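This report refers to the structure that appears directly beneath it.
The values are calculated or read from the model by the stated rules, or taken from the named source; none is laboratory data. Everything numeric here is computed off the predicted structure, so don't read it as measured data. We place every Cβ from the backbone using ideal geometry, glycine too, and count neighbours over all the protein chains shown. The area values use the complete protein model at the heavy-atom level, side chains included, leaving out ligands, DNA and RNA. Shrake-Rupley method; radii C 1.70, N 1.55, O 1.52, S 1.80 Å.
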Amino acid sequence: MRLPLLGLTSGLALMLAASAAWAQNVPFSRIVEAQKEPHNWLTYSGNYNGQRHSALDQINVSNVKRLKVAWVHHTGTTESHETTPLVVDGVMFLTEGPNIVKSLDTRTGNLLWRYEKKIPQDLRLCCGRPNRGVAILGDTIYYGSIDAHLIALDAKTGRIKWDVEMADHKLGYSSTVAPLAVKDKILIGAAGGEFGIRGFLDAYDARTGKRVWRFHTIPGPGDPEFGTWEGDSWKTGSAAIWTTGSYDPATNTTIWGTGNPGPDWNGDVRLGDNLYSCSFIALDVDTGKKKWHFQFTPHDTHDWDATQVPVLIDGTFRGAAKKMVATANRNAFFYVLDRDNGKFLAGKPFVKQTWAKGLDDSGRPMVIAGTDPTEEGNLVWPSLAGGTNWASPSYSPQTKLFYVPAREQGAFYYKGEAEYKPGVIFNGGGQRVKPDEEPYGAIRALEPETGNLKWEFKTQIPLNVGILTTQGGLLFSGIGQGDFFALNAATGELLWRFKTNGPMNSGPMTYAVDGKQYVAMPIGRSLYVFDLMES
Amino acid sequence: MWAMNVHRFARMALGLLWLAAVAAAQPKEAVKLPDSPEDLARGKKLYLGSCTYCHGPTGDGGKGADLSRQELVQAKTDGDLARIIEVGIPGTEMPSAWHMTRREVTQVAAYVRSLAKVDVRAVSGNVAAGKALYAKHGCAGCHTVKQGGVFTGGYMGPDLSSIGMKRSASHLRESLINPPASLPEGFVPTRVLTVSGKTIDGVRVHEDTFAVVLRDFAGNNHSYLRKDLKEVTADRSRSPMPSYQEKLNATELDDLVAYLVSLKEPLQ
């Protein structure tokens, strides 16, 4: 082996070898056809369809036993580490709470740049200062900061291009979601569902940062759905956006999940269905006009947000070809809707629930009386964290199964006082998980057409780690107690695991560079990247 | 949203930070508790919902501190009382009532104050006699207390050096008579049966999807991979501690409880 004269020489050689590939430029056309470049991960869910499925198969059921750590990137974050990295031609882009964006070399973890946003001290937050990732479009990285700004950064240097305020953080608006880049627009919404915000999804001109449209997740006067809130309660009804939506290029429709109505647990002060809280909303990307909506939990009083990533599936339903959108909701039901009109196709519980007799023909829950929170505490399944939470599900076109990280746990729900004051927490109650119970979790594989359980992989504690499936027949996920693992996606058989002893609050993704496949997962305060040991 | 992004405890900690920030932003002022019958009635309702399961309906029961005492050690002023309810007592089982508004907190605090007026219960036993019983019955084989400046005793059971601050007298009495009634999390009796046919009894130190750690009654740790185990049985209906119902008469029970109540080593 010839040794280089200087360390620098070899470094330079590498840089040169890769430099052609490092000219980041990701026009919309590339994201639409993301499946054609599976070595990259161009948008939050890997693909506009929200499936979190990769066509990479170098790591597969027969060799995953040889998976080992390739490199680790340490962060200093003390926040929950929720990012999904993007990878573009050998370069990674990721975020860490409360305010940092980074670019890394995907082969080594070496830092290419780091951007830190100055953030105010007087943020109003319910749940820490995490961030779930960035979007890329052209040569620009888009980042929603915790103080509800949208920021554009140069992909090669991390230099700032523009910074716009979406809403006033002093009123409780914040942002934790990875934006979605579609056409020439950046789509993003605001979190703050515990502060009586009025939720929205915005579209910004990717070049200038100028807002092109805003869709209020709570309709105002003049809207046909105005009137599903008693009195003025719509003004402080929340319905926040905090998980990334999906996009259907065939119809130019973007679908997003919305959060709980505010105040969370006291529904008395906001009688009515409270549209469009706890719903999927389908909007035209050019105009921001609504095409349809579907509300999973009308007049929610348990904080069961519908902020799960909508999973777009082209398949068959009862024998006929159908364009569907599937989701396992926090309220314990799994749903399949017609993607073209939002009509309910099928649904059933995927975890224990005690609040509804079932779903009627339109998909509306038949609520059991007496399941609302009370001042004394009312025991209901599932718990506040839901049958599943925001962690991404996955759909594998290979197995034709829908995978969800499930949570089996009940809770006492409390109703409290709910008086709105700007910028002050607006809960109206809370919960206490059932004590002396051993809650548990499972990865559940469901048949999307029926919601029937194909297999499950049980875990000691309820799950909240996202799922990745690959064409290698694998399912990657983790358990909050510190186990990262790979299952056979067809059978649920455990094939590989790695004990990290660190918390996991994100989900895995995969990419390839120089012909080699990697799997990346934020664990504890670090990003772990795995590859195959030479055989 | 209350996302599951953070572990329950981390979220509590964050709540604390937020509250601390809010508290820091406001000048410290004396807290005035409401005293109208409506406020007290509301405080009672909230107390019954959020506090009873640890402190008992009248404040003197459950695994929480005795709130029916005339003076609360850690909540001497109404300001301290409201703060304790709002942020909890970090490092103990006393949680933050994060779901209550400031007004609700003061209503609950007012109700807590009213408990002391209703029921002033002295513990009737003799502390010195209780201390002797503690030695005689071998409690120290499993528990530590502070004696002569040193924490002495065994590790099979919880540290009792501050138990008088943590628990009410009625709970302590119950602990002696019916130990399984309230098992602290680290003391769930667990039995494993290994693939090779060995049985080990102990308390559960850790259990996850792939591994189990037990501490046996001699204090030794045993770590197992599930694949080496045939069975794991966590049994909340038993306690490693024997019941003293038959071994102590009524006076002795009072004495022992009085001794336990007197153990008030400040938290380290």
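Assuming charge only on the beta carbon of Lys and Arg (+1) and of Asp and Glu (-1), the dipole of region B:169-249 about its Cα centre is about 100 debye to the nearest 20. At the residue level, B:Asp254 shows approximately 40 square angstrom of accessible surface with a 1.4 angstrom probe and all protein chains present. In this calculation the C-beta distance from A:His74 to A:Glu437 is compared with R0 = 45 Å, giving a FRET efficiency of 0.75. Could you give the DSSP H helices of chain B that reach 15 angstrom or more along their long axis (alpha carbon positions) and whose average Kyte-Doolittle hydropathy is no lower than -1.0? Qualifying helices: B:8-25, B:37-50, B:102-118, B:250-261.
Of the trypsin sites (Lys or Arg not before Pro) in region B:31-128, which ones lie in a loop per DSSP and count no more than 13 other C-beta atoms within 10 Å? Taking region B:31-128 and a limit of 13 other Cβ atoms within 10 Å, the loop trypsin sites (Lys or Arg not before Pro) found are B:Lys32, B:Lys76. Is the C-alpha gyration tensor of region B:78-146 telling us rounded, prolate or oblate? Criteria: a/c under 1.5 is rounded; beyond that, a/b larger than b/c is prolate, otherwise oblate. Cα axes put region B:78-146 in the oblate bin. For region A:86-131, applying the loop criterion from DSSP together with a ceiling of 15 other beta carbons within 10 Å to the trypsin sites (Lys or Arg not before Pro) yields A:Lys118. Pop the C-beta distance of B:Ala41 and A:Thr354 into the FRET formula with R0 = 35 Å and round what comes out to the nearest 0.05. In this case the efficiency is close to 0.75. Remark: relative contact order (chain B) = 19 percent; criterion is Cα-Cα distance under 8 angstrom and separation of 6 or more residues. Among B:Ile89, A:Ile368, the sequence by solvent-accessible area, most first, with a 1.4 Å probe is A:Ile368, B:Ile89. For the residues of A:384-395, the average number of beta carbons from a partner chain within 10 Å of their own beta carbon is 2.
Close amide-amide hydrogen proximity is noted between A:Thr510 and A:Ala520, each under 5 Å apart and 5 or more residues distant or on a separate chain (H modeled in the peptide plane; Pro and chain starts excluded). Computed over protein heavy atoms with a 1.4 Å probe, the carbon and sulfur contribution to the accessible area of chain A reaches 53%. As an equivalent ellipsoid, chain A spans semi-axes of 36, 26, 22 angstrom, where each value is the square root of five times an eigenvalue of the C-alpha gyration tensor, largest first. The charge dipole of the protein assembly as shown, taken about the Cα centre with unit charges on the Cβ atoms of Lys, Arg (+1) and Asp, Glu (-1), comes to about 1180 debye, rounded to the nearest 20.
Computed on region B:189-234, with alpha-carbon pairs under 8 angstrom and 6+ residues apart, the relative contact order is 41 percent. A straight chain from A:Lys499 to A:Glu447 at 0.36 nm per residue would run longer than the Cα-Cα distance by 15.7 nm. Counting only heavy atoms of the protein chains and using a 1.4 Å probe, B:Cys142 has close to 60 Å² of accessible surface.
Summarising the label geometry, the points placed 7 Å from Cα in the beta-carbon direction at A:Gln121 and B:Ile177 lie 5.4 nm from one another.
Per-residue 3J(HN,Hα) values for region A:510-515, derived from phi via the Karplus relation 6.51 cos²θ - 1.76 cosθ + 1.60 with θ = phi - 60°, read 9, 7, 9, 8, 6, x Hz in sequence order (x marks Gly and Pro). With the cut-off at 1.5 for a/c, could you classify chain B from its C-alpha gyration tensor as rounded, prolate or oblate? The shape class here is oblate. Note on A:Thr108 and B:Asn220: the model spin-label points, each 7 Å out from Cα along the C-beta direction, lie 5.0 nm apart. Take the residue pairs A:Lys290/A:Lys343; A:Lys352/B:Lys230; A:Lys323/A:Lys454 and return only those whose Cα atoms are more than 18 Å apart. A:Lys352/B:Lys230; A:Lys323/A:Lys454, as the Cα separations exceed 18 Å there.
The string of couplings for region A:274-289 from the Karplus curve (6.51, -1.76, 1.60, θ = phi - 60°) is 6, 5, 9, 6, 6, 10, 9, 10, 10, 10, 6, 5, 6, 10, x, 7 Hz, one whole number per residue in order, with x for Gly and Pro.
For the residue pairs A:Lys348/A:Lys458; A:Lys36/A:Lys68; B:Lys146/B:Lys166; A:Lys102/A:Lys185, the alpha carbons lie more than 25 Å apart in A:Lys36/A:Lys68. Applying 1/(1 + (r/R0)^6) with R0 = 56 Å to the Cβ-Cβ distance of B:Phe151 and A:Gln35 gives a FRET efficiency near 0.35. Residues of region A:161-184 with backbone nitrogen within less than 20 Å of a virtual label 7 Å along the Cα-to-Cβ line of A:Lys289, please, listed as ranges. What the label zone holds, given the 20 Å backbone N cut-off, is A:183-184.
Backbone amide hydrogens, once placed in the peptide plane, bring A:Lys516 within less than 5 Å of nothing, excluding anything fewer than 5 places away on its chain. Find the sum over both chains of the accessible area lost when A and B are paired, probe 1.4 Å, and report it in Å² to the nearest 100. Adding both sides of the contact gives about 3500 Å².
Cross-link partners for B:Lys264 among the aspartates and glutamates, with Cα-Cα distance under 12 Å and sequence neighbours closer than 8 places in the same chain left out: B:Asp159.
Note on region B:189-234: with charges restricted to the Cβ of Lys and Arg (+1) and Asp and Glu (-1), its dipole about the Cα centre is near 80 debye. The mean sequence distance of close C-alpha pairs (under 8 Å, at least 6 residues apart), as a share of the length of chain A, puts its relative contact order at 14 percent. Convex hull volume of the C-alpha atoms in region A:370-492, normalised per residue: 148 Å³. Only DSSP H runs of four or more residues enter the estimate; each adds -39500 (n - 2.57), and after division by the residues of chain A the mean residue ellipticity at 222 nm equals -1000 deg cm²/dmol.
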